[in-house]
Amino acid sequence: MKKESAGGCPFSSDWGSPNVSKVGDLTYNDYLKIPDLLKLQIPQSSPPHHDELLFIIIHQAYELWFKLILHELDNTVSYMQKNEILRAQHFVKRVVEIMKLLVSQIHILETMTPIEFLEFRNHLMPASGFQSLQFREIEFLLGLKDERYFHFFKNSPEILQKLTERLNKPDLYSVYFQMLRNLGYSVPSDPQNEKNNTKTLQALLPIYQNPEKNLPLYLLTESLVELDETLALWREHHVRVVERIIGFKKGTGGSSGVEYLKSTTSKKCFPALWEVRTILEKPEKKE
Ligand code: HEM
């Protein structure tokens, strides 16, 4: 053991002078509510199955990140409404980085053997990812407003109210088109309507035909595409992990399981931003 120096400090000089908090000072634990946070992992199995703690913590970690994603995307919407393109892009990039983490995080669950999961799976019934309000809010905020998902919250009035509020709020995709209109791009009034698809793609074309001339918009648009891509990747990775752990068993939420999850992997939040590349043509040779 190191000897204490004359001043009573047990650290060497390269530690600087670490503080000792005084009674009443704000501490790490007070600020972050760590004792409260660590009380929130309550297994359903009894005696608790060893792996249930992993299962609880991974879901709670996702929900914390979902909370931040909603916070950042709400902020993005406000910046887009003020036509502040690069500020909006800054926050979309943050969400993309979070999403990349969320894609890789799901694989921690593969360290759980299928048989060990079965040992406590029954205790979770009928709870299911279908009931993640924040996941559905993220979809709604990105423009995927599928009202069939209200079904899973029929008996939870508070959640229904929150989801209804999300449904009625402007989504990122519509706000993006509104911003383009404000900036002088000739976006049709109902850009997401199938019959206006060609006009919508034509309006987006200059951004992709000439990225240098439209750089801030190009960067924002591509960050939105990256966000859409990372969400789709999360769906892909989740369904692979699910198949590896429960095979083709039905979900605890009553769906067909893997088959249902596979059907969601083709969802796109911003379809026109993907499609515009298909109509892109090689530019005339520059002088
Ligand atoms: C052992 C690990 C997991 C298994 C076996 C599993 C299984 C499933 C299944 C079968 C469904 C379809 C709905 C149902 O019938 O219940 C589902 C949906 C869902 N799960 Fe998981 N899951 C796992 C881990 C996770 C994790 C870590 C998260 C992170 C939040 C998550 C989030 C979701 C969400 C948000 C849905 C709804 C997806 C949608 O409707 O598009 N799952 N899960």
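The values are calculated or read from the model by the stated rules, or taken from the named source; none is laboratory data. All values reported here derive from a predicted model rather than from experimental measurement. Glycine also receives a Cβ, built like all others from the backbone with ideal geometry; neighbour counts cover every protein chain displayed. All accessible areas refer to the heavy atoms of the entire protein, side chains included, with ligands and DNA or RNA removed. Shrake-Rupley method; radii C 1.70, N 1.55, O 1.52, S 1.80 Å.
Side notes on the structure shown:
- For L70: the one exception among (1) touching a residue at least 40 places away in the same chain (Cβ under 8 Å); (2) under 23 Å from T111 (Cβ atoms); (3) of a type in the set (A, V, I, L, M, F, W, C): (2)
- Enumerated helices (runs of 4 or more DSSP H) restricted to the range 20-81, each holding at least 2 residues that are touching a Ser or Thr at 6+ places or on another chain (Cβ under 8 Å): 52-81
Every residue, every condition in (1) farther than 26 Å from Q89 by Cα; (2) of a type in the set (D, E, K, R); (3) surrounded by 17 or more Cβ atoms within 10 Å (Cβ to Cβ), yes or no:
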site	(1), (2), (3)
L180	no, no, yes
K195	yes, yes, no
T221	no, no, yes
G247	yes, no, no
S256	yes, no, no
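- E84 being within 12 Å of the ligand (Cβ to nearest atom) and not aromatic (F, W, Y): no
- Subset tally (residues that are more than 21 Å from I115 (Cα to Cα) and open to solvent by 80 Å² or more (accessible area, probe 1.4 Å)) for the range 45-64: 1
- Note on the range 175-287: enclosed helices (runs of 4 or more DSSP H) holding 1 or more residues that are within 16 Å of the ligand (Cβ to nearest atom) and either in contact with a helix residue (DSSP H, G or I) (Cβ under 8 Å, 6 or more places away or on another chain) or on the phi < 0 side of the Ramachandran plot (or both) are 215-246, 258-264.
- Test: residue in the range 229-242 that is open to solvent by less than 30 Å² (accessible area, probe 1.4 Å), among the charged types (D, E, K, R), free of Cβ contacts under 8 Å to residues at least 40 places away in the same chain and under 19 Å from S266 (Cα atoms): yes
- Going through (1) open to solvent by 20 Å² or more (accessible area, probe 1.4 Å); (2) in a helix (DSSP H, G or I); (3) within 12 Å of the ligand (Cβ to nearest atom) one by one, P126 falls short only on (2).
- For L204, the stated conditions hold: it is in contact (Cβ under 8 Å) with a residue 60 or more places away in the chain and buried (at least 18 other Cβ atoms within 10 Å of the Cβ).
- Residue that is without any contact (Cβ under 8 Å) to a residue 12 or more places away in the chain and under 23 Å from M112 (Cβ atoms), where the choices are L26, L37: L37
Results for (1) surrounded by 15 or more Cβ atoms within 10 Å (Cβ to Cβ); (2) within 30 Å of N122 (Cα to Cα), shown as yes or no for each residue.
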position	(1), (2)
K33	no, no
P43	yes, yes
F66	yes, yes
H90	yes, no
V95	yes, no
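- Odd one out for F140 among (1) open to solvent by 20 Å² or more (accessible area, probe 1.4 Å); (2) in contact with a Lys or Arg (Cβ under 8 Å, 6 or more places away or on another chain); (3) more than 16 Å from E275 (Cα to Cα): (1)
- Of residues in the range 68-81 being away from the ligand (no atom under 14 Å from the Cβ) and open to solvent by 20 Å² or more (accessible area, probe 1.4 Å), the one nearest to I98 (Cα to Cα): H71
- With respect to the conditions (1) out of contact with any helix residue (DSSP H, G or I) (no Cβ under 7 Å at 6 or more places or on another chain); (2) closer than 24 Å to Y260 by Cβ, E97 lacks only one, and its number is (2).
- For the range 147-174, a residue qualifies if it is assigned to a helix (DSSP H, G or I) and touching a residue at least 40 places away in the same chain (Cβ under 8 Å), and the qualifying residues are F152, L172, Y173.
- Checking each residue in the range 143-152 for being buried (at least 17 other Cβ atoms within 10 Å of the Cβ), closer than 19 Å to S174 by Cα and within 13 Å of the ligand (Cβ to nearest atom) picks out only L144.
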